[in-house]
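Encoded as structure tokens, the structure appears first; notes follow it.
Rule-based calculations on the coordinates, nothing more; no lab input. Keep in mind the model is a prediction, meaning the values are calculated, not measured. Cβ placement follows ideal geometry from the backbone for every residue including glycine, while neighbour counts extend to all protein chains displayed.
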Amino acid sequence: MENDKKEIWLNEIIDSLRLCFDGNGFFAFHESDENKAANAFTGAVGGLGMEPEDFINLAIGQARLMYTDEKVLVDAQQSIRDFVERQLWLQLKIWENLGFNFNPEYYSDVEALNTIIRITGGNFRLIDRLFSQITRIIKVNQLTFISKDVVEAARKCLLMA
């Protein structure tokens, strides 16, 4: 049952990726496509637990299915990598602004970041609101790091319509 769910989710992510390429192979070329790409990234990294590099490979594989021109494929690969770097940079920049260092070697940091990605779905307003709650919880409880439990507690504090 769980594998069927993951397979369905993966197919939805692949369908979303297909919509994020223009005729020249550039990835997420309009604002609406950027949102679709962010949702696909969130589903892959936050929901399925993929590494960002696996998401890149998945998107590049989709580009290979759609385009045969080698120059277009090179452009697509670069635009996909740029997109993923922007997504990760945004998350980590906010993390550092709180005064914490993100260490990809620590499981708790990676787990917390994946939870943030899953909850926010690339919605910048929600990211901002979530991090303000995380800050409040950390100050009140005098914590020294962000964990999945802190992120989940912050999510419960949010009023979402």
Got a sec? Charge dipole of the chain, +1 on Cβ for Lys and Arg, -1 for Asp and Glu; which of PHE21, ALA63, VAL74 is way out at the positive end?
PHE21
Evaluate E = 1/(1 + (r/R0)^6) for ASP128 and GLN78, where r is the Cβ-Cβ distance and R0 equals 30 Å; express this FRET efficiency to the nearest 0.05.
0.55
Between GLY99, GLY43, GLY61, where does the largest GNM mean-square fluctuation fall for the chain, given springs only between Cα atoms within less than 10 Å?
GLY99
Full-extension gain between GLU152 and GLU105, please, as 0.36 nm times their residue separation minus the C-alpha to C-alpha distance.
14.8 nm
Which of the GluC sites (Glu not before Pro) found in the range 24-114 are loop residues per DSSP with 16 or fewer other Cβ atoms within 10 Å of their Cβ?
GLU105
Who wins for biggest fluctuation among ALA44, ALA59, ALA112 in a Gaussian network model of the chain, springs between alpha carbons below 10 Å?
ALA112
Which label marks the calculated value of mean projected area of the Cα convex hull in nm², given the options (1) 9.5; (2) 10.3; (3) 11.5?
(2)
Say we join alpha carbon atoms closer than 10 Å with springs in a Gaussian network model of the chain; which of ASN123, ASN101, ASN141 then has the biggest fluctuation?
ASN141
Can you give the FRET efficiency for LEU10 and ARG136, using 1/(1 + (r/R0)^6), R0 = 25 Å, r = Cβ-Cβ distance, to the nearest 0.05?
0.10
If I fit a long axis through the Cα atoms of helix 124-141 and take the longest principal axis of the Cα atoms of the chain, what angle between them do I get, 0 to 90°, rounded to 10?
30
Tell me the angle of helix 2-18 to the major Cα principal axis of the chain, expressed in degrees between 0 and 90 and rounded to the nearest ten.
60
Added length on full extension, which subtracts the Cα-Cα distance from 0.36 nm per residue, ASP69 to ASP22
15.5 nm
Under 8 Å for C-alpha pairs, at least 6 residues apart: give me the relative contact order for the chain, rounded to a whole percent.
20
ASN57 versus ASN35, label points 7 Å from Cα toward the beta carbon: distance in nm?
3.2
Where does helix 31-41 land angle-wise versus the long Cα axis of the chain, in degrees 0 to 90, nearest 10?
70
